[in-house]
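Engineer: Below: one structure in structure tokens.
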Amino acid sequence: MPRKSILDNKNERIRFRRKLLAWFRRHGRDLPWRRTRDPYQILVSEVMLQQTQVSRVTEYWPRFLESFPTVQHLAAASPKRVREAWEGLGYYRRAENLRRAARVVVTDHAGEMPQKVAILRSLPGIGAYTAGAVASFAFELAEPAIDTNVSRVLRRAFHPRVKKGAAGDQKLWKVAKELVPRDGNAAWATNQALMELGALICTARVMRCEICPVRKECLSSRTK
Ligand code: SF4
């Protein structure tokens, strides 16, 4: 009989999270956008990270923020200027969407970045992941944020047989929601740690289960 997912057991869920967070505290990278809770700065980093490597974003992110230090600066900038600041990052539609999102924040939300996921999602170019990331990383709300790294970890750790597509995605969001704690700072850390595990240990190319902090709780590892 296949073993049940640890999500069915609250204590195991807590154990998974505890081990994950302990590992993240020791091995998580000190990335510059992890040092801020400014929602505008976090939005910029998340949009850049969508299709660009971390090392490149660490170079571009501070430079872009120097040119457009606040959401008001970005909203007032011309498309040409924003595109020039984005030069080298590629996928220029992201820059244009970011500028349009900034304009909506200034005109419809008095320059204050919305906190609620549903409102964040209504901004141009902001999907489910980015909305969850801003809610969690800026406002420390107990919201999940599933990017490709987190999706891979959740699929491997809890539901290896989840199919691709909308129904599978919905199930993953439910899994993530159960995993993210209510406490704001712990919610922030859990989302960051899941991403970091997917980026460093449970990667698309290789599963480094032998050094993985949650190998005892992971369904894929248990059934190997
Ligand atoms: S034990 Fe292996 S499969 Fe499971 S999360 Fe860790 S690296 Fe991924």
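Okay, residues lined up against (1) within 15 Å of the chain's Cα centre (by Cα); (2) surrounded by fewer than 15 Cβ atoms within 10 Å (Cβ to Cβ); (3) closer than 21 Å to Ala135 by Cβ:
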residue	(1), (2), (3)
Gly28	yes, no, yes
Gln53	yes, yes, no
Arg56	no, yes, no
Arg63	no, yes, no
Ala76	no, yes, no
Ala95	no, no, no
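Engineer: Identify all residues within segment 204-224 that are near the ligand (Cβ under 6 Å from one of its atoms) and surrounded by 15 or more Cβ atoms within 10 Å (Cβ to Cβ); write none if there are none.
Structural biologist: Scanning segment 204-224 gives Met207, Cys209, Cys212, Val214, Arg215, Cys218, Ser220, Ser221.
Engineer: May I ask you to list the residues in segment 92-120 that are among the aliphatic types (A, V, I, L, M) and touching a helix residue (DSSP H, G or I) at 6+ places or on another chain (Cβ under 6 Å)?
Structural biologist: Ala95, Leu98, Ala102, Val105, Val106, Met113, Val117, Leu120
Engineer: Being part of a helix (DSSP H, G or I), surrounded by fewer than 19 Cβ atoms within 10 Å (Cβ to Cβ) and among the small types (Gly, Ala, Ser) is the filter here, so list the residues in segment 123-176 that pass it.
Structural biologist: Ala128, Ala166, Ala167, Gly168
Engineer: In addition: Just one of the numbered conditions (1) hydrophobic (A, V, I, L, M, F, W, C); (2) assigned to a loop (DSSP other than H, G, I, E, B); (3) in contact with a Ser or Thr (Cβ under 8 Å, 6 or more places away or on another chain) is not true of Leu120; which one?
Structural biologist: If we test Leu120 against (1) hydrophobic (A, V, I, L, M, F, W, C); (2) assigned to a loop (DSSP other than H, G, I, E, B); (3) in contact with a Ser or Thr (Cβ under 8 Å, 6 or more places away or on another chain), just (2) comes out false.
Engineer: Looking at Ile201 and the list (1) free of Cβ contacts under 8 Å to residues at least 60 places away in the same chain; (2) crowded, with 23+ Cβ neighbours inside 10 Å; (3) within 8 Å of the ligand (Cβ to nearest atom), which single condition is not satisfied?
Structural biologist: (2)
Engineer: Name every residue in segment 177-214 that is assigned to a loop (DSSP other than H, G, I, E, B), modelled with pLDDT of 95 or more and charged (D, E, K, R), in order of residue number.
Structural biologist: Passing the criteria: Arg205, Arg208.
The values are calculated or read from the model by the stated rules, or taken from the named source; none is laboratory data. On a predicted model such as this, the values are computed, not experimentally measured, just so you know. Ideal geometry is used to build each Cβ from the backbone, glycine not excepted, and the neighbour counts take in all protein chains shown.
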